[in-house]
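Asks: Sharing a structure with you now.
A short reminder: the numbers here are calculations on the coordinates, not readings from a lab. Fair warning: this is a prediction, and the values are worked out from it, not measured in the lab. Glycine also receives a Cβ, built like all others from the backbone with ideal geometry; neighbour counts cover every protein chain displayed.
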Amino acid sequence: MKIFIALCLLATTLSLEHSLRGVLRSPQETLKLYGDYKAKEHLQYKDSEDRMRLMLFRSNAELVAQANEESDSAVFGLNFFSAMTEDEKRQYLGLNITGHLPNSAPLSADLMTDVPESKLWTDEEAVTAVKNQGSCGSCWTFGAVGGLETRYQQVSGKLRNFAEQEYLDCVYEGKRNGCNGGWPDDCYTYSAGKGGRLASTADYGYTPSDGKCKSSSKPDAMIAAKISGYQSVGRTETANIAALVAGSLSVAFEVTNYFQQYSGGIIKDTTCRGRPNHAVTAVGYTPEFVLVKNSWGTSWGDKGFVKFARNYHNCDLFEYSSYPKLTKTSETDSTPSDAATDYKAEDGDDKPDPEPVCEDKKQDCVFSKRKCKRNKYAAKCQKTCKKCEDSGECPSGTIKCEDGICRHEHMC
């Protein structure tokens, strides 16, 4: 059985010899885990609410334990969603799919025949750092901006951190509150109707609330190109991969409780039963996964990113994708590029574990389970007995597991 406490954000407070499932069998250990969780998340509740939150926490902890037992490619852990109600969780979404149908099937002319095996825009300094929408249902603005930033970088040579707040304040001004949801393509339509403009985050900072539109008083950061509309992507994985070769995409899918507890690795969600409710940004792919940038901050998931399995439905991930149409101007964007993410997808949990840093100190070490159980013998035959010295160091990104072997934390 895997040791799941390493997957929880509270691993340092619990012994590695206990699994999360084992902790949940003990009311005392469960209460301790819950107390540590509240301390880490800076949560305080009155007694009556605390009992309700404990029930939610325990339910999500059970989900995490079961998910880790059943998945061979993804890992799950406790996070800021783990004591929330369903209504509170929905505030971190915001895709309003009402009135929208899945995209049409791709035309053969839309499919490239020469598609590279991998394309990760995160490796080309063409993706901004992970952002956080907070408890405002503004994911539609983040999906739209993410779909723009890489493509503008390709046209202008400059990575620009564009302003979700302009879309949040202005797209539905006078109609409804943008924190109650929206549609990414409406952002591109808004910009096209305003001469192709969009401010930068530096000039129009994000606050997780819909305010008065201030676009008329904010500089336009679309210098080298203007947004002239949007292009839908055919509703297949093949069409989405082909479109990703040219730049990032605004994509949509169904978030489940299972997905919200994702912590790393390659996910295959079998629990989705509804329709898309969240907009995000696809920023690359490999033969194994499609890389997606989320908008829940870096404490969620794989430093804010998620890897969706290739050749899998991924809760309708490929059915509503789009990107902005850009028209080049005669101007040069002379402002220095904004900061790119330092995230590297290939440094994630799907990589093979490195060899442990240890060696035998005895010349005649021969593997024997019986001999290796004797501490004195194992101390001389660390490598043969698969036990590293206590003083030995593990390679970067790994820890020493209970059996003495250096592995990625989730593999202990």
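Asks: Please find, among A126, A144, the residue that is in contact (Cβ under 8 Å) with a residue 60 or more places away in the chain and assigned to a loop (DSSP other than H, G, I, E, B).
Replies: So the residue among A126, A144 that is in contact (Cβ under 8 Å) with a residue 60 or more places away in the chain and assigned to a loop (DSSP other than H, G, I, E, B) is A126.
Asks: If I go through the range 205-221 residue by residue, how many of them are surrounded by fewer than 15 Cβ atoms within 10 Å (Cβ to Cβ), assigned to a loop (DSSP other than H, G, I, E, B) and without any contact (Cβ under 8 Å) to a residue 40 or more places away in the chain?
Replies: 1
Asks: Tell me, please, whether a residue that is under 27 Å from the mean Cα position of the chain (by Cα) and under 16 Å from T141 (Cβ atoms) can be found in the range 255-272.
Replies: No, every residue in the range 255-272 fails to be under 27 Å from the mean Cα position of the chain (by Cα) and under 16 Å from T141 (Cβ atoms).
Asks: What's the total number of residues in the range 304-333 that are in contact with a Gly (Cβ under 9 Å, 6 or more places away or on another chain), among the hydroxyl-bearing types (S, T, Y) and buried (at least 18 other Cβ atoms within 10 Å of the Cβ)?
Replies: Number of matching residues: 3.
Asks: Inside the range 259-293, can you point out the residues that are touching a Gly at 6+ places or on another chain (Cβ under 7 Å) and assigned to a loop (DSSP other than H, G, I, E, B)?
Replies: Q261
Asks: Does the range 152-163 contain any residue that is under 21 Å from the mean Cα position of the chain (by Cα), buried (at least 20 other Cβ atoms within 10 Å of the Cβ), within 30 Å of P102 (Cβ to Cβ) and touching a residue at least 12 places away in the same chain (Cβ under 8 Å)?
Replies: The answer is yes, given that some residue of the range 152-163 is under 21 Å from the mean Cα position of the chain (by Cα), buried (at least 20 other Cβ atoms within 10 Å of the Cβ), within 30 Å of P102 (Cβ to Cβ) and touching a residue at least 12 places away in the same chain (Cβ under 8 Å).
Asks: Within the bounds of the range 277-298, is there any residue that is more than 27 Å from D186 (Cβ to Cβ) and among the basic types (K, R)?
Replies: no
Asks: Related question: Looking only at the range 226-248, decide whether some residue is in a strand (DSSP E or B), surrounded by 19 or more Cβ atoms within 10 Å (Cβ to Cβ) and either touching an Asp or Glu at 6+ places or on another chain (Cβ under 8 Å) or of a type in the set (A, V, I, L, M, F, W, C) (or both).
Replies: yes
Asks: Moving on to the next point. Can you pull out every residue in the range 64-103 that is without any contact (Cβ under 8 Å) to a residue 24 or more places away in the chain and β-branched (V, I, T)?
Replies: Across the range 64-103, the qualifying residue is only T98.
Asks: Please find, within the range 276-292, the residue that is surrounded by the most Cβ atoms within 10 Å (Cβ to Cβ) out of those that are polar (S, T, N, Q) and more than 18 Å from S232 (Cβ to Cβ).
Replies: Per the stated criteria, the residue is N277.
Asks: While we're on this one: Go through the range 310-345 and report how many residues are in a strand (DSSP E or B) and among the basic types (K, R).
Replies: Counting residues in the range 310-345 that are in a strand (DSSP E or B) and among the basic types (K, R) gives 2.
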